[in-house]
Amino acid sequence: MARDTSDHTSIGSIGDLTDYLAKGCKPEADFRIGTEHEKFGFFRDS
């Protein structure tokens, strides 16, 4: 979930966490097939 947020409400239970994560899910009708990749920055000298 790479979204900016201004909601600083504390997560008080596992249910709060799962509800928060579920809000970021897209509807199944919008699913597509594709690749996912991560980019990691690093220092070559160290």
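The values are calculated or read from the model by the stated rules, or taken from the named source; none is laboratory data. Just so we're clear, the structure is a prediction, and the values are computed from it rather than from any experiment. Backbone-built Cβ (ideal geometry, glycine too); neighbour counts: all protein chains shown. For the accessible areas, the whole protein counts, side chains as well, though only heavy atoms, and no ligand, DNA or RNA atoms are used. Shrake-Rupley method; radii C 1.70, N 1.55, O 1.52, S 1.80 Å.
A few points about this structure:
- Contacts under 6 angstrom Cβ, first residue in the stretch 1-26 being modelled with pLDDT of 90 or more, partner surrounded by fewer than 10 Cβ atoms within 10 Å (Cβ to Cβ), 6 or more apart: none
- Cβ pairs under 7 Å, 6+ apart, first in the stretch 28-39 and open to solvent by less than 100 Å² (accessible area, probe 1.4 Å), second not in a loop (DSSP other than H, G, I, E, B): none
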